[in-house]
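Working notes for the structure below.
The values are calculated or read from the model by the stated rules, or taken from the named source; none is laboratory data. The structure presented is a predicted model; accordingly, all values stated were derived computationally and were not measured. Cβ atoms come from the backbone with ideal geometry, glycine included; neighbour counts cover every protein chain shown. Note: areas computed on protein heavy atoms with side chains; ligands, DNA, RNA excluded. Shrake-Rupley method; radii C 1.70, N 1.55, O 1.52, S 1.80 Å.
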Amino acid sequence: MHRMVEPSRPALLAQLRRGTLEYCVLALLHDGERYGLDLVRQLGQVDGMLTSEGTVYPLLGRLRRDGLVATTWRESPSGPPRRYYHLTPTGQQALDTFATEWARFRDAVDHFLAFPDADVGRTPP
């Protein structure tokens with residue numbers, strides 16, 4: 001018999017982020033280009049999305065190699081030139097597909113979490 005071990009909150013959030021972080025980055029680029037540190041800061045402002053440059057920059061490199069984002073270099077008023085990232089048409093298509101599938105997946109998970117007569121989301125005492 002297997003017993004499920006309850007993961008810690010940080011471990012659970014890390015596991016959830018693992019499959020969605022790249023799409024959150026693509027979503028941040030939907031409205032226009034951004035440089036890497038700006039993306040790190042934007043992600044860090046949302047509870048549960050805490051991440052670091054050591055995670056985001058390798059991800060951006062992979063997204064660029066996969067053709068989902070493209071880059072341009074620009075001079076910065078406060079230091080060395082910055083690499084700005086923007087969505088490619090392939091990246092926009094990937095984001096659109098993810099948004100559709102995410103809604104379907106979220107609804108399926110919500111279906112199983114909708115326990116009758118339970119206070120779902122309540123913090124235990």
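Per residue, the accessible area of the chain comes to 74 Å² when a 1.4 Å probe rolls over the protein heavy atoms. Is the shape of region 1-59 rounded, prolate or oblate, going by the alpha carbon gyration tensor and its root eigenvalues a ≥ b ≥ c, with a/c under 1.5 for rounded and a/b larger than b/c for prolate? Prolate shape, in that a/c is at least 1.5 and a/b is the bigger ratio. If R0 is 25 Å, the Cβ-Cβ spacing of S76 and L12 corresponds to a FRET efficiency of close to 0.10. For the chain, the calculated P(r), taken from all Cα-Cα distances in 10 Å bins from zero up to the bin holding the longest distance, is 11, 34, 30, 16, 7, 2, 0 percent.
Based on DSSP H runs of at least 4 residues, each adding -39500 (n - 2.57), what is the mean residue ellipticity at 222 nm of the chain after dividing by all its residues, to the nearest 500 deg cm²/dmol?
Details: 4 runs with 68 residues, N = 125.
Estimated from H runs of four or more residues: -18000 deg cm²/dmol.
The charge dipole of the chain, taken about the Cα centre with unit charges on the Cβ atoms of Lys, Arg (+1) and Asp, Glu (-1), comes to about 480 debye, rounded to the nearest 20.
Would you mind calculating the gained length between R41 and F105 on full extension (0.36 nm times residue separation, minus the Cα-Cα distance), in nm to one decimal?
Details: separation 64, 0.36 × 64 = 23.04 nm, distance 2.74 nm.
Working it through step by step, the gained length comes to 20.3 nm.
Candidates G19, L60, A94 compared by Cα position along the dipole of the chain: farthest toward the positive end lies L60, with charges placed on Cβ. Near D38, once Lys and Arg are set to +1 and Asp and Glu to -1 for all other residues with Cβ below 13 Å from its Cβ, the sum equals +2.
Surface composition of the chain: carbon and sulfur atoms hold 57% of the protein heavy-atom accessible area at a 1.4 Å probe.
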